[in-house]
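This report concerns only the one structure given below.
The values are calculated or read from the model by the stated rules, or taken from the named source; none is laboratory data. This is a predicted model, so every value here is computed, not measured. Here Cβ is always computed from backbone atoms with ideal geometry, including for glycine, and neighbour counts include all displayed protein chains.
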Amino acid sequence: MNTRWFYLPLAWALSGCPLTMAQDGQNPELDLLREEIRSMRVEYEARIAELEARLDAAEQAAAAEPSAQGARAVAEEPMSAYEGPVMMSPQTVSMARDSSFNPAIGVTFQGQAWSFENDPEDYMIPGFPLGGEAGPAPQGLSLAETEISMSANVDDKFTAMLTAPIAVEDGEVKIELEEAWIETVGLPASLAVRMGRFFSAIGYQNSRHFHAWDFADQPLVYQAFLANQYLDDGLQMRWLAPTDFYLEFSGELLRGDRYPAGGAANSGFGAQSLSARTGGDIGFSHSWLLGLSWLGADADERPSGSEDDPLLFTGGTDMLVASFVWKWAPYGNSRQQNFIFQSEYLRRKEDGEYSLSGATPGSWDMDQSGWYAQAVYQPFPRWRFGARFDQLSGDTPDSRWLDTPLYPLGSDPRRYSLMVDWSNSEFSRLRLQYNYDSAGEDADNQFGLQYIFSIGAHGAHTF
Amino acid sequence: MTRTIKALALLLLLAPLTAVAGLLVFACEPEWSALAEEIGGDRIEASSATHALQDPHYVEARPSLISQVRKADLVICSGAQLEIGWLPMLLSKANNPRILPGRDGFLEASSMVRRLDVPDSVDRAQGDMHPQGNPHIQMNPHNIALVAQALGKRLAELDPDNAAHYQARTADFLRRWNVAITRWEEQARGLAGSRVVCHHKSWVYLEDWLGLREVATLEPVPGIPPTAAHLSALLAELGADGKGADMIIRSPFQNPKPSEWLQERTGIPAVMLPLTVGGSDRALDLFSLFDDIIARMLSARSRSQP
C-alpha cells in the first residue's frame, strides 16, 4: 500500500494590514485616499441594502412553500442537488495570533473535610512505615491539591504534558511538579517513548490522577508500598503488539528518587519496571483489563515513618503487581448505568538494611503483600455507590525490631470503606466516604466529604 | 535496563507479520462504517467503535478499541468534538502514525459539510457545548453524499491500485443515493413546518433538511439529563391539549421515560427515531435508515393534533 504525502493544510491565515497613523491635513494624498474610501463605502452600503431586500423577498417565498427543496429536480451531479451544505474547511478563516498556539489548560479544584477519632498526624501502620506523603488527610476542612495541567503538541513528532499541583502544607503554599513529560507521536513499529517526570505505568491505580480516583484516598497497599503513587523521573517505552486483542508491553528506567526507591541509587539509575497488559470485550456490555508488572527499586537511605525521626532503608525492593479491572455498562452506555470492579495484589521483597536514629543498622530481608478489591455501581445517572476492602500482611521480623515501627501488630492491617458520589456533569463531583480503619493500633472511624471540580481543557480518561 | 531491552527485542522478534487483505477502516460511528462498506465493497474491512444503541458522546477508551485503531489504515469519525471524551485517548494509545489527525488516514466527516449551531461563545454553564458546531451531521442525507465523495477520494489515495474501483462505487452510490433523496423529500413534504420537541439536540440537521421547527429540548442544557423541574416547565409551556408541538423525538439510547411522561400529559406523540444504522429493526443500512426515519415521523405526524 502506497501512502501519498500530498496533504495540504486547509487553513490559511488572514493577517491584518498594518495601519499607518497620520495626522489630519498633513498629507494631501491621504485626504484623497480617505475621500475614495468614503465614496466606496457609500456604494457598498447601497449594494448591501439591495441584497438584504432580495434576501428578505427570497425568505418570504421560501416560507410560503417550505418543502420547495423537496421538489427540486435532482441533477446528475450530486453537488448541485442541494445548495445547503457547502464545502468548508475546518478553519476557514483564522487570525494569526500568538494565542492560537496556547496549550490546552485545565485546572482541577479539590477540597475536603475529614473527621477522625484518632489524630491523623500520628497515623501509622505498624510493620509498614509509610513513605512520602502517604497517610490520611488533615483533620477538618482543608484544600487538597489544586491541579494545573497544560498539554499540547510540540511539533509533528512530539507532544508534551505538564501537571503542577498547588498544595498548602503547614500553611505554606507549594507548587509541585507532578508530571512534566514529552512523548513521541507516530513512531514506527507501534512504539512510543515518554521522557521526563511521570507516574510509573506499573499496576492500574498507580498512573491515575487524584481527580480520577473512585475513592477519596488510595488503597492501603498503595499507601504502604508506593507512598500513594510511584512517580519518578526517567524514560518509558511502550509497545503495542500487532494482535487482534489488546496486548501492550512497557518498560521504564527511572532515577529512583522516590519511595519505594530513594536517594537516586546506582548513580541515578535506581529503578526499573516492566509491565504487560491485556484486555478485551465480552459482548457489548462487558470489558476487562488484566495487568502484570514488576518493579525493581534500589534505595540509598530512603526515609519512611516519622518525618522528624525517619527510618532509613538502604537496599533493594522487588515488587510484583497484578491488576484486574472489569467494567459493565448496558450496551456500553456507561452514562446511564455502570458497574466497575477493580482489584490489585502487590507483593514486595525488601532486602537490605534499616537504620533508626542512634542505633546500628540492622539487616532486613522481608516478604510483604497486600491487596484491595473495590466495586463502584452507578444505578442511574449522576449517583455512584462504592465499597472497598483493604488488607496488608507480611512476615514477622526478629525480636530486635520489637518496639520499632517495623514490627507489625498481631493481626493483619485491614480497612473497610463505603463511598457515595454525585456528579452533575463530567466536570463536577461531590463525594461522601466512610472508612473503618483497623490498620493502626486503635481502630478508627473516619468520615470524609470531598469535592472535585475542573475547568478548562479536560483530557480524555483512560479505561 | 538490559532486561528491559532484551524483553522488548524478544517480543519484536516474535511479532507475527500481519498480512492485510484490504484497507482496514475504523469508524467511530456505524453510519461511517456503513458508508465505507458502500464505497469500499470487498476491498476494505470496516468496523465501528460504537453501535446504534450507544451514545457516541460517552464511550470508554476500551482496550479492544485501542487494538483496532492500532491496525487501522483509515479512521473516519463525525468529529466536531463528538468523540472528544475517548477518541484522543485511543489515538494517543494506539501508536499508529498513519491515522493521526492531519494525516491521510484520518477523515473528519463534519469538516466536509456546513455545520449548524456553531456557537458564538462557549461556556460550560450552557452544558456540553461543541465549539465547532453540532456534530450529528449524518441526519441530513445531503451531508452523507458530501462525505461519500470525500471518503471515495481518500480510499483511492490510500489504495491507488484500487482507485478505479472506489471511484466507480462512489459514483454508483451517489446515483442511487440521489434517487433516494428525491423519494424521501417527496414523502416528507407533509412534515415541513412540523414543531418538534427533542430529547437532545441530535436532530438539527434533520430539521434543517425537512424544514422542521424545534420548539424545545427535554434536556435543560445539552448533556444534562432531563430534570423534573424542566419537564414540568415544558408541560406548562406545551399545554395539555396536544397542540403545543407535533411530536417528541428521542434516539434509541436515550431514556424513554421523559418523552413518554410528556406524551402522556400533553397528548403529543413521542417517537423513537434511529440516529444511525442499526438503530431500529428496519434501519439496516443507510438507505433503510432514512426510509425508517421518514416512515416513523409520518406515522407520528398522523397521530398529532391538527
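A quick yes/no check of all residues on (1) under 15 Å from residue B:300 (Cβ atoms); (2) acidic (Asp, Glu):
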{"site": "B:192", "(1), (2)": "yes, no"}
{"site": "B:198", "(1), (2)": "yes, no"}
{"site": "B:212", "(1), (2)": "yes, no"}
{"site": "B:217", "(1), (2)": "no, no"}
{"site": "B:225", "(1), (2)": "no, no"}
{"site": "B:235", "(1), (2)": "no, no"}
{"site": "B:239", "(1), (2)": "no, no"}
{"site": "B:253", "(1), (2)": "no, no"}
{"site": "B:260", "(1), (2)": "yes, yes"}
Legend entry - Selection within the range B:188-213 - more than 19 Å from the chain's Cα centre (by Cα), more than 9 Å from chain A (Cβ to nearest Cβ) and farther than 19 Å from residue B:256 by Cβ: B:194, B:195, B:212, B:213
Inset, instruction - Scan the range A:298-346 for residues that are within 13 Å of chain B (Cβ to nearest Cβ) and of a type in the set (Gly, Ala, Ser) and jot them down. - result: A:323, A:329, A:332, A:334
Inset, instruction - Please find, among A:297, A:224, the residue that is in a helix (DSSP H, G or I) and modelled with pLDDT of 95 or more. - result: A:224
Legend entry - Matching entry among A:372, A:436, A:407 (being touching a residue at least 40 places away in the same chain (Cβ under 8 Å) and over 16 Å from residue A:126 (Cβ atoms)): A:372
Legend entry - Matching residues, the range A:227-245, being farther than 20 Å from residue A:184 by Cβ and either in contact (Cβ under 8 Å) with a residue 40 or more places away in the chain or under 18 Å from the mean Cα position of the chain (by Cα) (or both): A:227, A:228, A:229, A:230, A:231
Legend entry - So residue B:94, is it aliphatic (A, V, I, L, M), within 9 Å of chain A (Cβ to nearest Cβ), touching a Leu at 6+ places or on another chain (Cβ under 9 Å) and closer than 26 Å to residue A:245 by Cα: yes
Inset, instruction - Out of A:371, A:364, A:328, report the one residue that is buried (at least 16 other Cβ atoms within 10 Å of the Cβ) and farther than 30 Å from residue A:448 by Cα. - result: A:364
Legend entry - Flag if residue A:201 is of a type outside the set (Asp, Glu), at pLDDT below 95, in a loop (DSSP other than H, G, I, E, B) and under 27 Å from residue A:428 (Cα atoms): no
Inset, instruction - Working only within the range A:244-257, note down all residues that are assigned to a loop (DSSP other than H, G, I, E, B) and within 7 Å of chain B (Cβ to nearest Cβ). - result: A:244, A:245
Legend entry - Conditions (1) on the phi < 0 side of the Ramachandran plot; (2) surrounded by fewer than 18 Cβ atoms within 10 Å (Cβ to Cβ); (3) touching a Gly at 6+ places or on another chain (Cβ under 9 Å): number failed by residue B:295: (3)
Inset, instruction - Test residue B:73 against the criterion of being modelled with pLDDT under 95, touching a Lys or Arg at 6+ places or on another chain (Cβ under 8 Å) and crowded, with 20+ Cβ neighbours inside 10 Å, and give yes or no. - result: no
Legend entry - Members of the range B:77-121 found to be assigned to a loop (DSSP other than H, G, I, E, B) and basic (Lys, Arg), listed by number: B:103, B:114, B:115
Legend entry - Test: residue A:132 is touching a residue at least 40 places away in the same chain (Cβ under 8 Å), closer than 23 Å to residue A:222 by Cβ and surrounded by fewer than 20 Cβ atoms within 10 Å (Cβ to Cβ): yes
Legend entry - Tally of residues being free of Cβ contacts under 8 Å to residues at least 40 places away in the same chain, outside any strand (DSSP E or B) and in contact with a Phe, Trp or Tyr (Cβ under 7 Å, 6 or more places away or on another chain) across the range A:151-198: 1
Legend entry - Complete set of residues in the range B:220-265 that are out of contact with any strand residue (DSSP E or B) (no Cβ under 8 Å at 6 or more places or on another chain) and over 20 Å from residue A:380 (Cβ atoms): B:233, B:235, B:236, B:239, B:240, B:241, B:242, B:243, B:264, B:265
Legend entry - Exclusive hit being charged (D, E, K, R) and farther than 28 Å from residue B:35 by Cβ, set B:201, B:243: B:243
Inset, instruction - Could you tell me which residue of the range B:99-108 is nearest to residue A:157 (Cα to Cα), considering only residues that are surrounded by fewer than 19 Cβ atoms within 10 Å (Cβ to Cβ) and at the interface with another protein chain (Cβ under 8 Å from one of its Cβ atoms)? - result: B:100
Legend entry - First in the range A:273-286 and free of Cβ contacts under 8 Å to residues at least 40 places away in the same chain and facing chain B (nearest Cβ under 8 Å), second anywhere and of a type in the set (S, T, N, Q) and assigned to a loop (DSSP other than H, G, I, E, B), Cβ under 9 Å, 6 or more apart: A:278/A:243
Legend entry - Entirely in the range A:410-463, the strands (runs of 3 or more DSSP E) that have 2 or more residues that are touching a helix residue (DSSP H, G or I) at 6+ places or on another chain (Cβ under 6 Å) and closer than 21 Å to residue A:383 by Cβ: none
Inset, instruction - State all residues of the range B:122-172 that are assigned to a loop (DSSP other than H, G, I, E, B), farther than 20 Å from residue B:35 by Cα and within 11 Å of another protein chain (Cβ to nearest Cβ); if no residue qualifies, say none. - result: B:123, B:127, B:128, B:132, B:133
Legend entry - Subset of the range A:258-272 (residues that are polar (S, T, N, Q) and either buried (at least 22 other Cβ atoms within 10 Å of the Cβ) or within 11 Å of chain B (Cβ to nearest Cβ) (or both)): A:266, A:272
Legend entry - Candidates A:140, A:111, A:132 - the one that is over 26 Å from residue A:427 (Cα atoms), of a type in the set (Gly, Ala, Ser) and either at pLDDT below 95 or touching a strand residue (DSSP E or B) at 6+ places or on another chain (Cβ under 9 Å) (or both): A:132
Inset, instruction - List every residue pair whose Cβ atoms lie under 9 Å apart, where the two residues are 6 or more positions apart in sequence or sit on different chains, the first residue falls within the range A:98-116 and is more than 30 Å from residue A:440 (Cα to Cα), and the second residue, located anywhere, is of a type in the set (Phe, Trp, Tyr) and surrounded by 15 or more Cβ atoms within 10 Å (Cβ to Cβ). - result: A:107/A:453; A:108/A:210; A:108/A:453; A:109/A:451; A:109/A:453
Inset, instruction - Determine whether the range B:207-228 contains at least one residue that is in contact (Cβ under 8 Å) with a residue 40 or more places away in the chain and of a type in the set (Ser, Thr, Tyr). - result: no
Inset, instruction - Might you check whether a residue that is surrounded by 15 or more Cβ atoms within 10 Å (Cβ to Cβ) and touching a helix residue (DSSP H, G or I) at 6+ places or on another chain (Cβ under 9 Å) occurs anywhere in the range A:159-166? - result: yes
